[in-house]
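Colleague: Questions regarding the structure given below will be posed in turn.
Bear in mind that the values in this text are calculations on the coordinates, not laboratory data. Note that the structure is a prediction, hence the values are computed from the model and not measured. Note that we place each Cβ from the backbone using ideal geometry, even for glycine, and neighbour counts take in every protein chain shown.
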Amino acid sequence: MEEKLANINMSIARNAEKHYELYRKMQENIDGCIKCNLCLSVCPVFKATGGSGYAGPRHLSAELLRHLLEFAPLVYDSSYLCTVCRHCEFVCPGNVNTPVAVLFLRRLLDSLKPPYKPAKDVSKGLETLVKLGNPYNTPPELKGEWLEEIDGKEGGKAKVLGWVGCTSSIRLPELAQGFYESMKKILGEDFTVLGSREWCCGKPAFLLGGIEAARILAEESNKRIAETGANIIVTPCPACYSAFKYEQREIYGVNPPSENILHFTEYIHDLMDKGRIYFKENSGNELPRKIIYHDPCELGRGVGIYDEPRDILSAIPGIEVLEFDDVRQDSVCCGGGGGMWGIYPEISMSVARLKVKEALRKGAEAVVSACPACMLNFKYTVLTYDLPVKVLDISQIVAKALSEKK
């Protein structure tokens with residue numbers, strides 16, 4: 001056993017050398033940790049598990065990377081027990097960037113391909129992701145099935161391309177349909193989607209440590225986007241938005257498909273400001289009257305979009321927008337991000353359950369977000385625990401509330 005651990009340590013050391021500059025930066029950053037435990041106070045995974053089998057963000061960053069060779073063989077599981085929600089980063093008085101440290105560790109594990117779970121499963125998952133172009137082990141042609149129910153059309157040239165994303169097109173067809181119908185009402189023939197030809201943007205691979213896989217996926221996606229001739233890309237997925245707008249160029253070394261990348265809420269908000277769209281009165285038949293808005297980590301702390309979704313929802317007559325106790329940059333993660341939902345779904349749903357119960361205490365009829373990962377986790381949580389609340393994406397609400405006239 002000792003010889004086996006020694007071999008693993010040597011392999012870790014060699015792979016750490018490949019990323020030497022980043023590794024040194026991580027170590028320097030970690031020196032800012034003053035062990036105040038503020039990161040533990042906001043960590044959704046630590047709260048949901050009670051710390052059982054998981055030492056929390058301070059361990060993952062400070063203790064693990066400070067003593068990488070000694071600790072790494074023992075914490076493969078812990079490295080994926082993180083939603084990369086960035087809440088710990090926002091409250092840290094020592095400016096320790098734990099999410100970057102976690103992602104760096106995952107990159108090392110991807111290089112090592114160790115025969116342990118969940119790293120072993122992650123390695124296989126990355127191979128399948130590159131092969132099929134989605135993280136759900138689904139044949140690519142099925143990504144356009146959601147269009148059939150609404151007589152939608154894929155492909156062709158258009159000014160605006162709707163990038164639906166893997167989670168929406170495969171697991172949440174109702175979200176994909178709401179997004180499509182909203183955009184079609186507004187743009188008509190100036191809008192198109194790739195449907196069954198849409199590939200993965202690369203973000204899931206990046207979050208699991210597969211930088212090379214992310215680069216391959218991004219290049220293929222961008223090739224397919226170029227076929228449409230679109231110069232504006234609108235997406236309901238914050239992860240895809242972030243990948244196109246930032247990670248592809250800054251991390252994968254890939255030129256993004258366009259300089260005009262917008263999240264759905266940004267696009268709709270801009271049209272509202274220009275007086276180009278209006279909302280009809282909510283009668284309560286199609287949409288709930290009391291909703292509570294959840295700030296997605298990737299959209300909020302990730303790119304700073306907080307006001308746009310709230311402004312849109314508040315502009316719909318007949319809808320009362322409630323708030324969680326902790327909102328905006330202090331919002332508590334739903335538990336479904338960072339690739340954790342695919343590896344530890346039970347823990348992800350335990351995190352979401354706490355938020356859904358708060359929503360019910362506040363009298364919400366529906367939990368509304370602006371992120372497919374959030375919606376997916378909330379939806380499965382509500383079904384698993386039989387909780388009496390609806391789960392909706394903002395695109396579904398916009399689709400039903402759009403009015404033809406002022």
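Colleague: Mind sorting D325, D190 by how few other Cβ atoms lie within 10 Å of their own Cβ, fewest first?
Modeller: Numbers: D325 10, D190 14.
Ordered by Cβ neighbours within 10 Å, fewest first: D325, D190.
Colleague: Of all trypsin sites (Lys or Arg not before Pro) in segment 352-383, which ones are in loop regions per DSSP and have a Cβ with at most 13 other Cβ atoms within 10 Å? Numbers along the way, then the final one.
Modeller: On the way: sites: R353, K355, K357, R361, K362, K379; in loops: K362.
Those satisfying the criteria are K362.
Colleague: Then there is this: What ranking of D326, D273, D151 emerges when the number of other C-beta atoms within 10 Å of each C-beta is taken as an exposure proxy, fewest first?
Modeller: Details: D326 14, D273 10, D151 6.
Listed from fewest to most nearby Cβ atoms, that is D151, D273, D326.
Colleague: State the dimensionless ratio Rg/Rh of segment 159-262 (Rg: radius of gyration of Cα atoms; Rh: Kirkwood radius).
Modeller: Values: Rg = 12.9 Å, Rh = 13.6 Å.
Radius of gyration relative to Kirkwood radius: 0.95.
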